[in-house]
Amino acid sequence: MKRVVITGAGTINALGGDVPSTLEAMREGRCGIGPLEFRDVERLSIRIGGQVKGYDAEAAFNRQQLSLYDRVTQFTLIAAREAIGQSGLEFSGELAARAGVILGNSGGGMTTLDENYRSVYEDGKNRVHPFVVPKLMNNAAASHVSMEFNLKGPSFTVSTACASSNHAMAQAFQMVHGGLAPVMVTGGSESMLCFGGVKAWEGLRVMSKDACRPFSANRNGMVQGEGAGIFVFEDYEHARARGAEIMAEVIGHAMSSDAADIVMPSKQGAARAIAGAMQDARVNPEDVGYINAHGTGTAANDKTESAAVADVFGAHADNLMMSSTKSMHGHLIGGTGAVELLACIMALRDGIIAPTIGYQEPDPECALDVVPNVAREAKVEVALSNAFAFGGLNAVLALRRFA
Amino acid sequence: MDIEKRVISIIAEQAMLEPSDVTLDSSLEDLGIDSLGLVEAIFAIEEAFDINVPFNANEPSESDFDISSVRSIMDGIQRLIKEQS
């Protein structure tokens, strides 16, 4: 089997417009969550989010592109440009024919859907722009990445709610690991911060009105974010032959389904995915130094996740660090695992553990080292990234420091 | 229909029971209503009485709306109707 390494990373999210600024914000424990700004926000009871602000779409795309790209596609392309640019890869000939793109997202072009429903239902218009369908379809972002970078191999979109991008990256890993493709572009994106998007979430009564405080006893719900995280997964031999800079190695993954409840998480389902990822990566529990938690800041997730980690790791649970960066960038739903993978890369490559900010009160049901409020220096050999979706669909990735 | 009958009918429907099986002292737990059922029942109450119920599923005990029994829910609704009318 082929070893799989990461040779490029890109992002745009509430913490920054690229990877260096995002990692800097994570190191500093900066919060990207603030008041939401969009039409009709005053009709919402939830008015905060990790929104991408000061964003100039026209600086990145021309008029013709903008008529075809929903906000989620724009974010994806911006992140893909950074990731592929960093990798130094150009796709032509045999490489282009074999390299593909697998991305996760949950809502597709939600802003496009929202704007056009408003136009026909509220404004009573009977005509919509001809590109509504190609803008809102869930695979639009993956398709535009394939077109911009000439990726002609296996390409598709994975939609498993909050685990979408982890499931997508697991698939991309398998493609490279199994020799089906020398390079895969992967990750995920989401942009649901529009009136209809937030209104739908409000209905479930799990959103916080003030802050995302994962693992803190006074946590009161999740806060949504938006943006994209894109990576270049490459066959190690291919990367080495061209002298590429390697950020980290992806060494395994596991997926599981709770088969239990459409919204409540299951300790067993989460534990099976965590243990499965370590088994697939052939690492022992004591090799794992850092876990990027799913850590949504809901009462249910955080205690279930803490219990699952305690079960899987036994005594070693007290020695490892587990933080939730959602406290800073919010929950990017289908894109969240991708942005969070950056925290794993920072832990492995730079030896800096991103904190869980907003942490105020210890919760005996979440009694792990959640790296409260302040980043920490530590040498980490193996990191895991958890994602546990609504619908009980779980995916965990395992990464190793590349030395 | 008075408030009591309407609340009982909403809760009975959520619990898939006959209204006669729901008493003012029943707790939602007794009636087999889970967290998702609770959120749906609160939505139905808001729609029926045209009120906003302050309820966050993450901290049900800290929400300013007591869901411990059918009676406490009814009292809460009466208070909210007064406050919000």
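The values are calculated or read from the model by the stated rules, or taken from the named source; none is laboratory data. It should be emphasised that the depicted structure is a prediction, and the values quoted were computed from it without experimental measurement. Glycine gets a Cβ as well: all are built from the backbone with ideal geometry, and neighbour counts include every protein chain shown. Only protein heavy atoms, including side chains, enter the accessible area calculation; ligands, DNA and RNA are left aside. Shrake-Rupley method; radii C 1.70, N 1.55, O 1.52, S 1.80 Å.
Considering each residue of segment A:225-269, count those that are under 18 Å from A:Gly391 (Cα atoms) and buried (at least 24 other Cβ atoms within 10 Å of the Cβ), and give that number. Can you show your working first?
Residues of segment A:225-269 that are under 18 Å from A:Gly391 (Cα atoms), as a first pass: A:254-269.
Now drop any that are not buried (at least 24 other Cβ atoms within 10 Å of the Cβ), which leaves A:265.
Number of matching residues: 1.
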Q) When only residues in segment A:163-191 that are in contact with a strand residue (DSSP E or B) (Cβ under 7 Å, 6 or more places away or on another chain) and open to solvent by 10 Å² or more (accessible area, probe 1.4 Å) count, which is nearest to A:Leu384 (Cα to Cα)? A) A:His167
Q) So which pairs qualify, if the first residue must be in segment A:206-222 and farther than 25 Å from A:Ala310 by Cα and more than 7 Å from every other protein chain (Cβ to nearest Cβ), the second must be outside any strand (DSSP E or B) and of a type in the set (Ser, Thr, Tyr), the Cβ gap must be under 8 Å, and the two must be at least 6 apart or on different chains? A) A:Lys209/A:Ser45; A:Ala211/A:Ser327
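Filter segment A:320-334 down to the residues that are surrounded by fewer than 24 Cβ atoms within 10 Å (Cβ to Cβ) and part of a loop (DSSP other than H, G, I, E, B) and list them by number. Even if it seems obvious, please write down each step before you answer.
Filtering segment A:320-334 down to residues surrounded by fewer than 24 Cβ atoms within 10 Å (Cβ to Cβ) leaves A:320-321.
Of everything in segment A:320-334, just one residue is surrounded by fewer than 24 Cβ atoms within 10 Å (Cβ to Cβ) and part of a loop (DSSP other than H, G, I, E, B), namely A:Leu320.
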Q. Any idea which residue in segment A:1-36 is nearest to the chain's Cα centre (by Cα), counting only those that are more than 17 Å from A:Ala211 (Cα to Cα) and of a type in the set (D, E, K, R)?
A. A:Asp18
Q: Answer yes or no as to whether A:Ala200 is outside any loop (DSSP other than H, G, I, E, B), within 14 Å of chain B (Cβ to nearest Cβ), open to solvent by 10 Å² or more (accessible area, probe 1.4 Å) and modelled with pLDDT of 95 or more.
A: yes
Q. Going by the conditions given, is B:Leu28 farther than 16 Å from B:Ile3 by Cα, of a type outside the set (Val, Ile, Thr) and open to solvent by less than 20 Å² (accessible area, probe 1.4 Å)?
A. yes
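If you check B:Ile51, B:Ile3, B:Ile73, which single one turns out to be away from chain A (no Cβ under 14 Å) and over 30 Å from A:Asp363 (Cα atoms)?
Details: B:Ile51 fails: away from chain A (no Cβ under 14 Å); B:Ile73 fails: over 30 Å from A:Asp363 (Cα atoms).
Being away from chain A (no Cβ under 14 Å) and over 30 Å from A:Asp363 (Cα atoms) holds for just one of B:Ile51, B:Ile3, B:Ile73, which is B:Ile3.
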Q: Provide a single number: the residues in segment A:280-317 that are assigned to a helix (DSSP H, G or I) and either within 14 Å of chain B (Cβ to nearest Cβ) or of a type in the set (A, V, I, L, M, F, W, C) (or both).
A: 15
Q: Kindly provide the set of residues from segment A:136-154 that are in contact (Cβ under 8 Å) with a residue 40 or more places away in the chain and open to solvent by less than 40 Å² (accessible area, probe 1.4 Å), ordered by number.
A: A:Ala140, A:Ala141, A:Ala142, A:His144, A:Val145, A:Ser146, A:Phe149, A:Leu151, A:Gly153
Q. Do we find a residue being open to solvent by less than 20 Å² (accessible area, probe 1.4 Å) and within 14 Å of chain B (Cβ to nearest Cβ) anywhere in segment A:18-38?
A. no
